[in-house]
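For reference, the structure discussed in these notes is given below.
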Amino acid sequence: QEDRDTLLAFERAVTEIGHELKLTEGSDGGILLTTAGGHEVTLSDQDSKITLKASGAGNKIEISDDGIVLDASQGDLTLKAAAGTIDLQSLKLTGKADSTASLESSATFDIKASATLGLRGALVNIN
């Protein structure tokens, strides 16, 4: 049986233009792939996390045992399903905007609650 040390043929590989693949062992073991432009994909066994990060703006996607985080530090976050449905299902759903917020439908728009439905505002316009 081969010794574990001989199974790791390399720890770091860098291409001519600067793409890098780094493998780490031990308690902080994982894989880091970095493009020459600074984009990163990290698979970390230490924090049980997968991170996809764009260079510059800090926008990233993190998948971990605690959940999934979509972080648009700069710019917008857009979910599109041109030929399908975007279905949000959770135990609790909250939303907050630090400025204006709107929901719009080009067809029927239903709001339904199995219990009390609260609609509050400094001024509420209906129709």
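The values are calculated or read from the model by the stated rules, or taken from the named source; none is laboratory data. Owing to the predicted nature of the structure, the values given are computational and were not obtained by experimental measurement. A quick note on method: Cβ atoms are made from the backbone with ideal geometry, for glycine too, and the neighbour counts reach across all protein chains shown. Note: areas computed on protein heavy atoms with side chains; ligands, DNA, RNA excluded. Shrake-Rupley method; radii C 1.70, N 1.55, O 1.52, S 1.80 Å.
Amide hydrogen proximity for Asn59: with H placed 1.01 Å from N in the peptide plane, the residues at 5 or more positions away or on another chain lying under 5 Å are Ala54, Ser73, Gln74. Computing the accessible area with a 1.4 Å probe over protein heavy atoms, can you report the carbon and sulfur percentage for the chain? The value for the chain is 50 percent carbon and sulfur by accessible area.
Rounded to 0.05, the FRET efficiency of the Val41 and Ile126 pair, given R0 = 41 Å and the Cβ-Cβ distance, is 0.25. Diagonalising the gyration tensor over the Cα atoms of the stretch 46-127 and scaling each eigenvalue by 5 before taking the square root yields semi-axes of 31, 17, 16 Å, largest first. Taking a 28 Å limit on the Cα-Cα distance, which of the listed pairs Lys22/Lys60; Lys60/Lys96; Lys22/Lys49; Lys60/Lys92; Lys53/Lys112; Lys80/Lys112 fall beyond it? The answer is Lys53/Lys112. With contacts taken as Cα pairs under 8 Å at a separation of at least 6 residues, the chain carries a relative contact order of 9 percent. Between Ser73 and Asn59, full extension at 0.36 nm per residue minus the direct alpha carbon distance yields a gain of 4.5 nm.
Taking all protein chains into account, the per residue accessible area for the chain stands at 92 Å² (1.4 Å probe).
Which FRET efficiency value, to the nearest 0.05, do you get for Lys96 and Glu16 by plugging their Cβ-Cβ distance into 1/(1 + (r/R0)^6) with R0 = 41 Å?
Values: r = 47 Å, r/R0 = 1.15.
Approximately 0.30, to the nearest 0.05.
Mind telling me which of Leu21, Leu88, Leu70 comes out most flexible in a GNM of the chain, alpha-carbon contacts under 10 Å? Answer for the Gaussian network model of the chain: Leu88.
Each pair of Cα atoms in the stretch 1-101 enters the Kirkwood radius, and Stokes-Einstein at 4 °C and 1.567 mPa s then converts it into a translational diffusion coefficient of 76 µm²/s.
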